[in-house]
1. Looking only at residues that are in contact with a helix residue (DSSP H, G or I) (Cβ under 7 Å, 6 or more places away or on another chain) and more than 30 Å from V104 (Cβ to Cβ) in region 141-191, which one is surrounded by the most Cβ atoms within 10 Å (Cβ to Cβ)?
2. Kindly indicate which of G243, G206 is touching a strand residue (DSSP E or B) at 6+ places or on another chain (Cβ under 7 Å), touching a residue at least 24 places away in the same chain (Cβ under 8 Å) and not in a strand (DSSP E or B).
3. Specify the residue that is farthest from Q137 (Cα to Cα); the eligible residues are those in region 198-209 that are among the small types (G, A, S) and buried (at least 20 other Cβ atoms within 10 Å of the Cβ).
4. Before we move on, is A193 in contact with a strand residue (DSSP E or B) (Cβ under 8 Å, 6 or more places away or on another chain) and either outside the structural domain of A223 (by TED's automatic domain parsing) or closer than 24 Å to G136 by Cβ (or both)?
5. Can you report the number of residues in region 72-122 which are among the polar types (S, T, N, Q) and loosely packed, with under 13 Cβ neighbours inside 10 Å?
6. Filter region 209-240 down to the residues that are touching a Phe, Trp or Tyr at 6+ places or on another chain (Cβ under 9 Å) and without any contact (Cβ under 8 Å) to a residue 24 or more places away in the chain and list them by number.
7. For region 239-250, what are the residues that are loosely packed, with under 14 Cβ neighbours inside 10 Å and either more than 21 Å from L160 (Cβ to Cβ) or modelled with pLDDT of 95 or more (or both)?
Amino acid sequence: MKPGRSPEVETRDGVSHLGARPRVPPPGLRPIAGALAALFFAGGCVYYFSGSGNSAGGTALSFRWSFGDASSPETCAQAGVAVVEVIIDGTSEPLASCLDANGVPGTTIEGLATGTTLWELRGESQDGRVLFDAWGQTKLSGGGDTAVDVVLPPAASSGLFPLTFLWTFGGQSCAAAGVKAVSVQVVDSVRGADVDASVPCTDDGGVDGVTLQDFAAGNYPYALSAYGADGGYHASGTAAIDGGPAVVSASLAP
């Protein structure tokens with residue numbers, strides 16, 4: 001396998017950053033997760049964990065949003081955004097006004113389960129056009145409110161989509177199996193940009209997996225390998241990109 005595209009990784013202040021994706025919903029349950037410390041996609045959108053506090057409602061996820069260029073983001077009024085559609089783990093929440101009851105640009109989703117929550121935000125005009133779009137994943141722990149600041153870039157239509165691998169090792173997590181890094185190889189016969197990279201087993205958000213960007217529709221053979229406390233682990237198969245982001249749940253075996 002020839003070297004080629006590798007994950008675009010950047011770590012800033014120990015915080016996970018992630019890019020935007022096209023509006024096309026992913027197949028199945030839309031599982032989009034496992035980003036590395038930083039991944040940038042169309043429009044340069046960035047989100048980051050801005051902190052956490054106490055929430056009387058249990059596990060909650062609070063979004064604070066702005067729009068456009070991350071270096072000079074626009075307000076709801078400037079961007080022409082009236083409402084934001086919040087999609088949590090593939091399920092759309094009721095449309096949220098761009099400004100909440102206190103005039104703050106954002107909303108809070110309560111009553112979520114602990115673990116990795118997958119989300120998408122769509123900023124829409126008054127007539128329902130999707131103007132801005134961003135997605136990401138956040139790991140929630142019980143009894144708190146996790147805040148996520150998001151700059152939504154213009155909705156993309158590049159025809160390129162992310163491919164996410166979520167992995168286990170003999171049914172164990174990275175930590176339990178003693179795996180620090182995973183070798184990821186993906187053959188890209190569509191655009192000729194193969195992936196051949198070693199990535200951290202667990203990203204900065206605490207998710208065991210990785211997201212790779214910029215895959216056109218097609219089939220992509222992959223091979224994963226890692227070494228842990230009990231020796232080597234391996235998995236291989238073919239990932240299908242079909243008009244939207246794709247996720248492979250890979251169980252690496254000894």
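The values are calculated or read from the model by the stated rules, or taken from the named source; none is laboratory data. Keep in mind that what you see is a predicted model, and the values were worked out from it rather than measured. So basically every Cβ, Gly included, is an ideal-geometry build from the backbone, and we count neighbours across all protein chains shown.
1. Restricting to residues being in contact with a helix residue (DSSP H, G or I) (Cβ under 7 Å, 6 or more places away or on another chain) and more than 30 Å from V104 (Cβ to Cβ), the top hit is F169.
2. Values: G243 fails: touching a strand residue (DSSP E or B) at 6+ places or on another chain (Cβ under 7 Å).
None of the other options fit; the residue is G206.
3. Looking at the filtered set, the residue picked out is G209.
4. yes
5. Adding up the residues that qualify gives 5.
6. S236, G237, T238, A240
7. Result: S249, single match.
Each row is one residue, and each column tells you yes or no for (1) part of a strand (DSSP E or B); (2) in contact with a Ser or Thr (Cβ under 9 Å, 6 or more places away or on another chain); (3) farther than 18 Å from Q137 by Cα; (4) in the same structural domain as A134 (by TED's automatic domain parsing).
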site	(1), (2), (3), (4)
V182	yes, yes, yes, no
T211	yes, yes, no, no
A223	yes, yes, yes, no
G237	yes, no, yes, no
